[in-house]
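J.: Got a structure here, written out as structure tokens. Questions coming.
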Amino acid sequence: MAAAISQHFEAFKARLDKVLHEKNKLNDYLEIIEKKTGVRRLYVALVFISIIIVWLMVGYGSQFLCNFIGFIYPAYASVKAIESHDKEDDTKWLTYWVVYSVFSLVEFFSDIFLFWIPFYWLLKCIFLVWCFMPVPWNGSHTLYYRFIRPFILRHQDRIDTALDKAKEAVNEVFSLALKGQSTKGSVSEGFNKYTKHAKDLAEEVAADELIRRATSSSKTD
């Protein structure tokens, strides 16, 4: 096992070293540091990564740093993907943002439990980096095609119907408001309709998933 870990680490160093020799502003600064100190830019980068890891474990502002890493670089890469003529990188970053959105939704509803996990921000940062790393075992690709895509395709019609109903409720609120009717009552009524549709959809999807898993389990047995 130690040999396998060492092999993976060496492969990681080789890929990182290749990335660090690409032409961009950051690598230009690393080249200057390399020439002035005589230390390879690979080791400078590894030291920098180690500092970030320690900071995420015990440092002040670890939440900001984690979210900065998980958002700023992907956002910049997404802009570059939009401006390029290659559609493959568009799909890659769209997949990342779908996974990022699902993760953020799960985190929002379960943060009371997640933040009790030791070194949570470090673990979250590692997860987000795994999701956008340019490797065959990229996390966003794995999670999207194994979990998110099958789930969405199973319930696509119901989700579309719920979104249409929500759109109708919002349009109704604005229509009543423009006609000069009670804005407060209109908003309240529209919001109640929206929450009812969302609740009904969640209950239907949850029931279908329970039935599907029970059926799959019985077939396996």
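The values are calculated or read from the model by the stated rules, or taken from the named source; none is laboratory data. Just so it is clear, the structure is predicted and the values come from calculations on it, not from any experiment. Note that we place each Cβ from the backbone using ideal geometry, even for glycine, and neighbour counts take in every protein chain shown. Ligands, DNA and RNA are stripped out before the accessible areas are found, and what is left, the full protein with its side chains, is counted by its heavy atoms. Shrake-Rupley method; radii C 1.70, N 1.55, O 1.52, S 1.80 Å.
J.: Any idea which residue in the stretch 86-124 is nearest to Y60 (Cα to Cα), counting only those that are open to solvent by 90 Å² or more (accessible area, probe 1.4 Å) and among the aromatic types (F, W, Y)?
T.: Across the stretch 86-124, the extreme among qualifying residues is F119.
J.: Return yes when S78 is under 26 Å from R149 (Cα atoms) and not β-branched (V, I, T) and no when it is not. Don't jump to the end; show me each part of the working.
T.: Numbers: under 26 Å from R149 (Cα atoms): yes; not β-branched (V, I, T): yes.
So S78 passes the test.
J.: What are the residues in the stretch 1-42 that are in contact with a helix residue (DSSP H, G or I) (Cβ under 9 Å, 6 or more places away or on another chain), assigned to a helix (DSSP H, G or I) and more than 17 Å from P134 (Cα to Cα), if any?
T.: Of the stretch 1-42, the ones in contact with a helix residue (DSSP H, G or I) (Cβ under 9 Å, 6 or more places away or on another chain) are 13, 16-17, 19-21, 27, 30-31, 33-34, 37, 39-42.
Of the ones still in play, those that are also assigned to a helix (DSSP H, G or I) are 13, 16-17, 19, 27, 30-31, 33-34, 37, 41-42.
Result: N27, L30, E31, I33, E34, T37, R41, L42.
J.: Let me ask you something else. V79 passes all but one of (1) closer than 20 Å to W130 by Cβ; (2) open to solvent by less than 100 Å² (accessible area, probe 1.4 Å); (3) under 20 Å from the mean Cα position of the chain (by Cα); which number fails?
T.: The number of the failed condition is (1).
J.: Right, V47: in a helix (DSSP H, G or I) and in contact (Cβ under 8 Å) with a residue 60 or more places away in the chain or not? Please lay out each step first, then the result.
T.: On the way: in a helix (DSSP H, G or I): yes; in contact (Cβ under 8 Å) with a residue 60 or more places away in the chain: no.
No.
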